[in-house]
Amino acid sequence: MPKKHESPLLLELKPSKRLKQALVVMHLLALAASIANALPIIVKLILVIGIGLNLYFALARLKSEQCIIKHSEASGWEIASGNDFKPVRILNSTVITLFAIFLHVDKNAPKQSVLIVNDALSEDDYRRFIVRLKTADKKR
């Protein structure tokens, strides 16, 4: 039976609106908890400032991070955080759901995780990515 060749997969992740909303909600809950506790006012003020700064930097990092994922039969899986693609190995601990993919990769260094929320890709690209993740290593 002839072997089917898959077309290369190239996915550019966009900033996720759902992830941004989840970050804001979590920080607002932390803010409410830091105000509603019985700590002294100065400690509350420090907590409020810390949570606000953390939210600011988290949202700025979310905007600036641009990740591109590529897969082909010849070169395998590759991830680029800028313009430089680096080969990676997808680990079996990767979690795939309808709403998000918790991608665990090994870059010849300590394990790294990439959170891919389903609105970071088009619906068709997200579906193709899930299929490729489930079938790519099984063919070898």
Those residues of region 92-133 which are in contact with a Phe, Trp or Tyr (Cβ under 7 Å, 6 or more places away or on another chain) and part of a loop (DSSP other than H, G, I, E, B), in sequence order: THR94, LEU121
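A quick yes/no check of all residues on (1) within 27 Å of LEU103 (Cα to Cα); (2) of a type in the set (D, E, K, R):
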residue	(1), (2)
SER7	yes, no
LEU19	yes, no
ILE41	no, no
LEU59	yes, no
ASP84	yes, yes
Looking at VAL43 and the list (1) outside the structural domain of ALA100 (by TED's automatic domain parsing); (2) in contact with a Pro (Cβ under 9 Å, 6 or more places away or on another chain), which single condition is not satisfied? (2)
Note on ILE35: of the conditions (1) loosely packed, with under 14 Cβ neighbours inside 10 Å; (2) in the same structural domain as VAL131 (by TED's automatic domain parsing), unmet is (2)
Filter region 64-103 down to the residues that are out of contact with any strand residue (DSSP E or B) (no Cβ under 9 Å at 6 or more places or on another chain), touching a residue at least 12 places away in the same chain (Cβ under 8 Å) and over 15 Å from LYS14 (Cα atoms) and list them by number. GLU73, LEU98
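The values are calculated or read from the model by the stated rules, or taken from the named source; none is laboratory data. All figures in this text were calculated on a predicted structure; none of them were measured in a lab. Using ideal geometry, Cβ is built from the backbone for each residue, glycine included, and neighbour counts are taken over all protein chains shown.
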